[in-house]
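Novice: Supplied in structure tokens, the structure appears directly below.
The values are calculated or read from the model by the stated rules, or taken from the named source; none is laboratory data. Remember, predicted model here, so these are calculated numbers, not experimental data. All Cβ positions, glycine included, derive from the backbone under ideal geometry; neighbour counts span all protein chains shown.
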Amino acid sequence: MEIQIHSKTSHLSDPFKERVQDRLSRMERFGIKIDRVDVEVNLEQNPRHGDGAHKVQLTSRGSGPLIRAEAANSDNISAFDMAAEKFELQLRKVHERSKDVKHVSLKEMPLATPAAIESDEVVDDYQIVREKSLIAEKMSRQQAIDALEMLDHDFYLFIDEQNNKPSVMYRRRGYSYGVIAFEIS
């Protein structure tokens, strides 16, 4: 990894340059392909900036992910250390995402059954965990839409006044609705 250090407003000391080289060269351990890292150091001349007068920006260039970190502090070394921590955190995130993690889907997972059920009883794959009884009211479709919106549900069961059939009013994309009417056989 090539490291380029730029400063437009101040002269950079050799210990600072050595620290930058040492710290950024250690980041090659993540194994992420980065051609060049630009280190830009700026000194703000305005005395109002005080503690944040020294600003350091780290930017990766070339092939590989674009990573950028920025920090400001009262001196170049502490500003660089803060920016380097942010840069390293982003490199670590890219490294972790690139790992090959074995994700097991639900289809591949073995079906775990409790020991009490493992006897001779036949167990369905699906279990009903909750039952509810509702009273369907006879109402118009507009009233069903209003009830659906008031409850903030995706569907609403009612008896349609137009045809006296059990029906379900459901929300579609946007503010459009659909009706499913049940035929009793």
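Novice: Given the conditions (1) touching a residue at least 40 places away in the same chain (Cβ under 8 Å); (2) surrounded by 15 or more Cβ atoms within 10 Å (Cβ to Cβ), and given that Ser98 satisfies all but one, which numbered condition is not satisfied?
Specialist: (2)
Novice: Could you figure out which of (1) hydroxyl-bearing (Ser, Thr, Tyr); (2) at pLDDT 90 or above; (3) within 30 Å of Asp125 (Cα to Cα) isn't true of Ser105?
Specialist: Unmet condition: (2).
Novice: State which residue is nearest to Glu183 (Cα to Cα) when the search covers only segment 134-157 and only residues that are part of a strand (DSSP E or B) and under 39 Å from the mean Cα position of the chain (by Cα). Step through it out loud before you land on a result.
Specialist: Of the residues in segment 134-157, the ones part of a strand (DSSP E or B) are 138-139, 155-157.
Then drop every residue that is not under 39 Å from the mean Cα position of the chain (by Cα), which leaves 155-157.
Working: Phe155: 18, Tyr156: 17, Leu157: 14 Å.
Going through the qualifying residues, I end up with Leu157.
Novice: Just wondering, is there one or more residues in segment 163-173 that are surrounded by 11 or more Cβ atoms within 10 Å (Cβ to Cβ) and of a type in the set (S, T, N, Q)?
Specialist: Taking segment 163-173 first, the residues surrounded by 11 or more Cβ atoms within 10 Å (Cβ to Cβ) are 165-171.
Next cut, of a type in the set (S, T, N, Q) only: 167.
Checked segment 163-173: at least one residue is surrounded by 11 or more Cβ atoms within 10 Å (Cβ to Cβ) and of a type in the set (S, T, N, Q).
Novice: While we're on this one: Looking at segment 1-35, which of its residues are in contact (Cβ under 8 Å) with a residue 40 or more places away in the chain, more than 30 Å from the chain's Cα centre (by Cα) and under 23 Å from Gln90 (Cβ atoms)?
Specialist: The answer is Phe16, Arg19, Val20.
Novice: Considering each residue of segment 70-79, count those that are under 13 Å from Arg19 (Cβ atoms) and either free of Cβ contacts under 8 Å to residues at least 60 places away in the same chain or in contact with a Lys or Arg (Cβ under 7 Å, 6 or more places away or on another chain) (or both), and give that number.
Specialist: To start, the set of residues in segment 70-79 that are under 13 Å from Arg19 (Cβ atoms) comprises 75-79.
Then keep just the ones that are either free of Cβ contacts under 8 Å to residues at least 60 places away in the same chain or in contact with a Lys or Arg (Cβ under 7 Å, 6 or more places away or on another chain) (or both); that gives 75, 77-79.
Here the count works out to 4.
Novice: What are the residues in segment 50-64 that are in contact (Cβ under 8 Å) with a residue 24 or more places away in the chain and touching a Lys or Arg at 6+ places or on another chain (Cβ under 9 Å), if any?
Specialist: Correct list: Gln57, Leu58, Ser60, Arg61, Gly62, Ser63, Gly64.
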